[in-house]
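Since the structure comes first, as structure tokens, the remarks are kept for the end.
The values are calculated or read from the model by the stated rules, or taken from the named source; none is laboratory data. The model shown is predicted, which means the values in this text are computed figures rather than measured ones. We place every Cβ from the backbone using ideal geometry, glycine too, and count neighbours over all the protein chains shown.
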Amino acid sequence: MGAGDGAAEQSRKAAERVERLKQKLLRAEHAEQSWKAGAEGERLVAAELARLAPHGWYMLHDVHWPGRPLANLDHVLVGPGGIVVVDTKNWTGNVTAHGGVLRQNGRSRASAIEGALRQGASVAGLLVPEHGTKLWPMICLAGHPDMRLATVNGVAVVGVGGIEAAITRLKPVLDPLTVAGLHAHLAQQLVPGPARQAGRAAEPHLKSAPAASPVPVRQPAPRPSKQSKAFWGLVRAVLIMAAVVTLMPFVITLLSRGR
């Protein structure tokens, strides 16, 4: 092995490790941006949904997805028109809903429709059949406010600018007392203990629940991001490895001279 060959080999291996870390860093950065865009979309939709409170609608935001410990439901509404489970999407590009197919930039987003159906089914499973049949899954497009209401395989798809009108147009199927009881029941089932309203929640079949004025809307807090922690951890790792790559040849040369 010639002079400096050992240092060159170590430098090459270190550079490969740095490149792998850079790729991980890019993936973590992309994930963090996706989470950030999703959180911003949820806050935008929640602000629009708040307009429904005077019409007798109750709202739960960013709540537990039954049967999915690590997943959440963006918005669950209870009001005169029934129960509406809203999945917020902050998609970019061209979004269409034609011929029973939801597409983004020409690519089918059937998985989003399936996800909305699963979310609705998970909430319906917490209700007696009489009320479970009055549940409507919906996708709200935060980045496309003017998207007109469309129905794809039983899921309503609408832009954030039209969601208030879409929900207020639902045919009344629940009286105010039942609405209050259903909201209390779903809060009991979906909201973590510390954030839950005080008092015993009503059972879903109650017809004599005490009348209640609409509760204040609980705006969704920014979602804690594990990806963000991973992102900054990778930043530190890349910087450290870059320093190692830079200094290693000098260190090896100095050690060789000292022999």
Among what's in region 149-176 and is out of contact with any helix residue (DSSP H, G or I) (no Cβ under 7 Å at 6 or more places or on another chain) and under 17 Å from Arg103 (Cβ atoms), pick the residue that is surrounded by the fewest Cβ atoms within 10 Å (Cβ to Cβ). Thr151
Log entry, pairs with first residue in region 105-120 being at pLDDT 95 or above, second being assigned to a helix (DSSP H, G or I), beta carbons closer than 8 Å, six or more apart or on different chains, reads none
Testing Ala184 on (1) of a type outside the set (Ser, Thr, Tyr); (2) in a helix (DSSP H, G or I); (3) modelled with pLDDT under 50, one condition comes back false. Which one is that? (3)
Matching residues in region 128-145 - criterion: being surrounded by 17 or more Cβ atoms within 10 Å (Cβ to Cβ) and either in a loop (DSSP other than H, G, I, E, B) or touching a residue at least 60 places away in the same chain (Cβ under 8 Å) (or both): His131, Lys134, Cys140, Ala142, Gly143, His144
All conditions in (1) assigned to a loop (DSSP other than H, G, I, E, B); (2) in contact (Cβ under 8 Å) with a residue 24 or more places away in the chain are true of Arg148 except (2)
Just checking, does region 106-121 include any residue being under 13 Å from the mean Cα position of the chain (by Cα), among the β-branched types (Val, Ile, Thr) and assigned by TED's automatic domain parsing to the domain that holds Ala142? no
Single residue of Leu102, Leu117 found to be among the hydrophobic types (A, V, I, L, M, F, W, C), touching a Lys or Arg at 6+ places or on another chain (Cβ under 6 Å) and on the phi < 0 side of the Ramachandran plot: Leu102
Considering only residues that are out of contact with any strand residue (DSSP E or B) (no Cβ under 7 Å at 6 or more places or on another chain) and surrounded by fewer than 23 Cβ atoms within 10 Å (Cβ to Cβ), which ones fall in region 177-191? Leu177, Thr178, His185, Gln188, Gln189
